[in-house]
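Inspection log for the structure reproduced underneath, given as structure tokens.
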Amino acid sequence: MSPRIVTLLAIGILATACARAPQSPTTGSIAGTLSGAGGPIQNAEVKLQSYADENCAKLNQKNKLSEAEDAQYKQCSRQMSSTTSDSQGQYSFPNVADGWYSLNVNWTTNEDPLKSNPMWKPIFLYREEGFLVTFIAAKDSSFRGLAVGEPFRFSGGDTGKKDLKLKL
């Protein structure tokens with residue numbers, strides 16, 4: 001065989017091998033800042049929940065699941081990891097692959113979320129840009145905050161910004 005034919009065969013084999021090489025999943029980061037009327041929300045626990053697909057994410061949004069749906073949800077969802085917000089209220093989850101996710105945020109504050117409301121209720125709920133926020137009054141005069149995020153589709157390769165800005 002001529003050197004030219006050998007070279008062309010080698011190029012063809014390499015091109016075929018490269019075309020069939022498995023692609024590594026694209027990753028990016030999901031990050032944000034947690035803040036309220038009093039400034040950054042520090043030391044909040046932020047949990048990243050993943051869903052196998054859009055159907056699983058939709059199960060997360062249902063108020064009541066049948067037994068079969070509950071079993072399916074337990075199979076198709078999982079907590080990926082958790083982190084704690086820093087002194088500026090910032091958190092980050094690096095190396096997150098493409099997929100469906102949601103965030104849950106837990107924190108404690110001594111600041112009354114309804115200081116302008118003289119009819120304080122022990123439990124208070126409201127919606128805040130993609131989060132359902134709940135405050136529960138504790139016996140020690142603190143307030144437990146929980147923000148449950150709506151599922152979202154994340155495409156790796158960039159940064160998914162998820163801020164929680166409480167207007168209370």
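The values are calculated or read from the model by the stated rules, or taken from the named source; none is laboratory data. Because the structure is predicted, anything quoted here is derived from the model rather than measured. When we count neighbours, we look across all protein chains shown, and the Cβ atoms used for this are built from the backbone with ideal geometry, even at glycine. Surface accessibility is based on the protein's heavy atoms, side chains included, excluding ligands, DNA and RNA. Shrake-Rupley method; radii C 1.70, N 1.55, O 1.52, S 1.80 Å.
Identify, please: which residue in region 81-106 is crowded, with 21+ Cβ neighbours inside 10 Å and among the β-branched types (Val, Ile, Thr) and is, among those, farthest from Phe135 (Cα to Cα)? Looking at residues that are crowded, with 21+ Cβ neighbours inside 10 Å and among the β-branched types (Val, Ile, Thr), I get Val96.
Examine region 53-68 for a residue that is in a loop (DSSP other than H, G, I, E, B) and in contact (Cβ under 8 Å) with a residue 12 or more places away in the chain, and state whether such a residue exists.
For region 53-68, residues in a loop (DSSP other than H, G, I, E, B) and in contact (Cβ under 8 Å) with a residue 12 or more places away in the chain: present.
In region 37-47, the residue that is surrounded by the most Cβ atoms within 10 Å (Cβ to Cβ) out of those that are at pLDDT below 95 and part of a strand (DSSP E or B) is Pro40. Considering region 111-137, and only residues there that are open to solvent by 50 Å² or more (accessible area, probe 1.4 Å) and under 26 Å from the mean Cα position of the chain (by Cα), the residue that is modelled with the lowest pLDDT turns out to be Ile123. Evaluate the following for Ala57: is it over 15 Å from Ser35 (Cα atoms), modelled with pLDDT under 90 and open to solvent by less than 50 Å² (accessible area, probe 1.4 Å)? Considered against the rule, which asks whether it is over 15 Å from Ser35 (Cα atoms), modelled with pLDDT under 90 and open to solvent by less than 50 Å² (accessible area, probe 1.4 Å), Ala57 comes out as no.
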